[in-house]
Structures are given as structure tokens and as C-alpha cells.
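The values are calculated or read from the model by the stated rules, or taken from the named source; none is laboratory data. Being a predicted model, the structure only gives us computed values, none of them experimental. Glycine gets a Cβ as well: all are built from the backbone with ideal geometry, and neighbour counts include every protein chain shown.
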Amino acid sequence: MPQIRILTDRVANQIAAGEVVQRPAAVAKELIENSIDAGATRIEIEFRNGGKSYLRIEDDGRGMEPDQALLSLERHATSKIRKASDLNEIQTFGFRGEALPSISSVSRFVLRTRPSSMQEGSEIFMNGGKMIHVKECGMPPGTRIEVSHLFNSVPGRRKFLKTEATESTHIIHLSKLYALAHPQIEFTLLEGGRTIFRSPVCKDSHERVREIFGRNLAEVLAPISIQKNDLMLEGLVGKPGQSRSTRKEMIFFVNRRPVESKTMTYAVLEAYHTYAPKGRFPPAILFLEMDPEQVDVNVHPAKREIRFRDESKVRTFLMESLLNRNKELSSRIEFSAAQINLEKDGDSGRLVPKIDPTVMDIFKKEMGQDSKSAPILDLFSGGEIEANQKEKEKPFSNESQNGLKRVGPRDASTGIWRFLDQSHGDLAIFSTPDGVLFFHSRAAYDRVLYEQLEDAFQDSNKSDSQALLFPESLELDGIDQKNLVDSLEHLRSVGFKLEEFGRNFFRVEGCPQWVDPEKAIQFLKDFLEIARESGGTMNPEKFCKEVLVHRATHDQSNRKGFSDQEIIRLAEQLLRCRNPFSCPKGKPTFYEIPKREMEERFKRNL
């Protein structure tokens, strides 16, 4: 058996490089973090051939004195921590002292640095972990690090690098992440002398998103800022109805550190459950600020993943915050002032909205109907949902604050949605002052029906039951019997009438108004099956919401198409929904092509 020996520092550094320096983007990450920790206000990144042949990071932060520069290339040399307890209060990015020695051991490495207190800088040149020279150099205050011929001393690792385009994409994405997290720092990214992006100091993250990701993404994001106890959430979230096919625009930061977190991903997807289609992902750029003691950033060698001390607390906070923000964003549709024609009032002399005679004629024709409480039963024959007797405050009204109706026929005023025609089945086309709007009547109908069912469920009389014509028995095994007993109080609160009828037997005498009596037994069996799969912790109200979604999207699927007047009335009711942007399954109900986009396509003003 070979004898045990201690590895040399050079070999140990190359082994450590396998964990820390997996690809050129990992080198860029470590060096950018060092620049940020050094208090830089300007960071410039340049690379060639995907970072494999050349990578340069230059900043204007606090430079290092010659002895400190040499010490930084020793393993586990760091200025960030002194004792083990400091690991619980880490507020900097780099702290283990492995990055520079690991990088220098597998590349040609040139470090130039100068503190503002010295007249000249220091240059250190290393090749494959071997010191070549140390000398003075002229340079402005700050640090400049050049890494070339990455993995030249370990060609086996170099073979496993991806193509130049792939490695370049990783460096560009990483640079954008750190630029996004630090709008107070000027970032410049160059590839072979060509500027990829140059972002000056920005006042907030929204402006930085517009700078580096473009206007198209910035326009579909809305700001969020919520604080609860020791947790604070800031950032930008996708407006309801916005979704992407991949997760690349779900970006998370914890204490300004870009991270990958299953806890945060799960919370976002749960909050957008009915606001984004299944299988698609909402755009979200979230900054979570919390006590450093409550998060462990030392889980992964490259610090990509983190672990929360209380994951359920973080997940609940994120879900509630995002869900409340989604409800706020869904509670209004912005109409620009340009849609309103103004005139001077003869009595007060103030500018007031001009009342269009056409709109008044339309209003007079519909005076006999109170559209605010109009049920679906009045809109479409064969409907099953009765109107609520009392008036309810709705986020939307078909009439805006200035008296103009928002939905009308083709010959209505220009300040509203004007119905033009139907096309391709359930698709309807409306004209708006800002462009053309495409309206999916089936999706809109499902949303209106779902919210009426949800209102019935949330009302104080949600426990009202309808008696079954003949009580039915339900025989269960031991596990299902225990789960049903544990959930019995909750099931009764939503309208089920259940009585124990012997060992493992129950008698179902009634069900809620929103459940078909013929499907009451199947409802309970489905509930118990899911409760068994989830370990008996199934929330009855959550399961009931899934039933509402199913009923809203399936029970009316056999009805025929909509008439023009039904579509206009349906659009009116949709605008009064809490979330008019998507159907109960998260798919869009309408989208608008702005006039600006059409002018770009036609290359002329409309």
C-alpha cells in the first residue's frame, strides 16, 4: 500500500481550483466579488475566446500594498474573517481566501494593484502556480487582474470546457447579475474589444434592468417593496399575465448575493399559481435582505447555493408578499390621460372630461340593466350561478372615474375598448386608443365564473349546504379514516355534512352549494387520496380552490360560441374581476399589440 504523504501547496491549489474554478465564468465571479468588496465604483470586465484565452477584471477600489498583494496569493489568506464565529455574520462576498491562489495555479496570472496612499503600484506575475516576478509598476489606484491560458497547467480540465459561445454566454450573464445587484457601481463588459454593455450608475434596479436587459423586459415588471420583522423583500416582479418558457428571468439575490434557491423558486411559483400558465415561469428579480446569521452561504464551494435557517418562514413571507402584490397589480388597469378628451367647464373654468354624445346614447340604452351586479345567468343562457343579492365592491367598473364607458360597440367613443369582430373561434378583436387588443372569450368566461364561485366560497354563508336526495355511505381504510377525522371540522366549515356511522364508515348527508351532489363522494375520495400522498397534511380549502378551477374551466365547456353582445358584456365583467389578466389556469385572457410596435413593423407612423 502506498505511503501517506502531505500534498505540496501547488497540487493542493490545483485540486482546490477544481472546486472553485470550474469555468472562466467562475474566475470572473470571484474577481468581480473581490472588486465589490474593495469598494469599487467602476468595474470593467474584458474577455476573449469565452474567457479561455484571456480575462481581465479592473476596478478603482482600494488597492493592496506590496506585502498584502503577495499574501493574497497564499491559501486561506483573507481579510474577511478572523475566527470561526465570523462565518455566522458574513456580509462580504469572498471570505475563504481560496480564489486567487486557485486561479493563479491553473493559469498565467498577472496582478497589478495600487492603494491610493502609494505613488506606484505592484505587479505580480505567476504561471501555473510558480512565481515569475514581483516588481513595481505605474497605474491608477485600484486593482487590475489578467488571467490568460486558463487550465494551461491541467490540460485535462481544459478539454471539458464548453464551446466559446457557451462560455461567453455564462460570463455575460454573470456580469449582468452583479451589475443588477449593484446599480451604484458603473459596469462595463467588453468581448475582444467590442462593448457588450456599458451601464453607468443607476438610481435603482428598474433603471439598471432597462440598461442591461432592455426595455421589453423592464416594461413587464412592476416594483415590489415589503418588510416584515427582520425580512425585507425588494425588486421587480412580472405583471399578471406575463410568463416565460424558461426560468432564466427568475433571478434571486440574498443580501445582494446572486443565488440559486429552491425555497425561493417554490415560493414564486406558488404565488403565481393562477397568474401564470402551468409549465411557464414568471419573470421576477427579487432582493431578499435578512440577518446574515439566518442564512448559510458556505454550503457550496462556489457559493452558488445557500441554506436558510428557517426555510418555512422565508417561503411563507415570499408567498404572502408576492401574492398580495399580484392582487394589487390585478386590481387596476392603467388608462393613459391621452385617452380622455377635455373641455373647459363653464361654471368653474376648470378642465373636465368631455362627454361624448355617442357614449350617452349607449348608456341610455343600457339604463335598464345594472351591469355592476349582472350575473353570468343574464349574459348567457343555461348558466348555473345565481347573482349575489348584495352589491359588492369590485376593483373594476365598466365606467371610469370620468364617466366614460370602457367597453363598447364598434361605433363607440375612442376612449374605450371598441369591439370590432370575432375571429378564429373564441378570439375577439377590440380597438383601443393605444393599439389593437385580442380577447379570448373562453378564457375570460372561465375567469368570471371562477371568481363568482370563489366569492360564493369566501362569503360568510360558504358553510351553507344542499342536502343529498339520498344520504350516501363512505367506507374507508385506517389511514383515510384518520385523515378524514383530522379534516372533519374543516370540511364541515366549507359545507359538507358528514357523520360517523360505525367503524371506518361515514354517512354523507349534504355538500356545499358549489359542488354537484352527484360528485360529492368523488370529491371526498379525491381529497383523501391527495391527503394520503401529502402525509395527511392536505388543506381542505386549498383543495376546494382546485375544484373551483376545475369546475370553472370544464363544467361549461360544452356551450356554444358567444354573440357580439355577449362578448361586450363579458369584457365588462372581466374588467371587474380581481385578476382580469389570466384565466384560472394562469393563461392570458387578453393581450394588446401597442401602436408603437405596429409602427416599428410598418416602418412608418400610423
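Every residue in the range 238-255 that is modelled with pLDDT of 90 or more and more than 8 Å from Pro282 (Cβ to Cβ), please.
Matches in the range 238-255: Ile251, Phe252, Phe253, Val254.
For the range 149-161, indicate whether the set of residues that are under 13 Å from the mean Cα position of the chain (by Cα) and not charged (D, E, K, R) is non-empty.
Within the range 149-161, not a single residue is under 13 Å from the mean Cα position of the chain (by Cα) and not charged (D, E, K, R).
Per-residue answers, yes or no, for (1) within 28 Å of the chain's Cα centre (by Cα); (2) at pLDDT 80 or above:
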position	(1), (2)
Gln452	yes, no
Ser460	no, no
Leu474	no, yes
Ile479	no, no
Gly502	no, no
Lys519	no, no
Ala531	no, no
Lys542	yes, no
His550	yes, no
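Looking at (1) of a type in the set (A, V, I, L, M, F, W, C); (2) within 27 Å of Leu329 (Cα to Cα); (3) in contact (Cβ under 8 Å) with a residue 40 or more places away in the chain; (4) surrounded by fewer than 19 Cβ atoms within 10 Å (Cβ to Cβ), which is the only condition Val201 fails?
Among (1) of a type in the set (A, V, I, L, M, F, W, C); (2) within 27 Å of Leu329 (Cα to Cα); (3) in contact (Cβ under 8 Å) with a residue 40 or more places away in the chain; (4) surrounded by fewer than 19 Cβ atoms within 10 Å (Cβ to Cβ), the lone unmet condition for Val201 is (2).
So is Phe438 crowded, with 20+ Cβ neighbours inside 10 Å, modelled with pLDDT of 80 or more and over 30 Å from Phe506 (Cα atoms) or not?
Considered against the rule, which asks whether it is crowded, with 20+ Cβ neighbours inside 10 Å, modelled with pLDDT of 80 or more and over 30 Å from Phe506 (Cα atoms), Phe438 comes out as no.
Residues in the range 65-86: is at least one in a strand (DSSP E or B) and modelled with pLDDT of 85 or more?
no
Working only within the range 118-135, note down all residues that are in contact (Cβ under 8 Å) with a residue 12 or more places away in the chain and either under 13 Å from Leu70 (Cβ atoms) or of a type in the set (S, T, N, Q) (or both).
Ser122, Glu123, Ile124, Phe125, Met126, Asn127, Val134, Lys135
Exactly one condition in (1) within 23 Å of Ile43 (Cα to Cα); (2) surrounded by fewer than 18 Cβ atoms within 10 Å (Cβ to Cβ) is false for Asp291; which is it?
(1)
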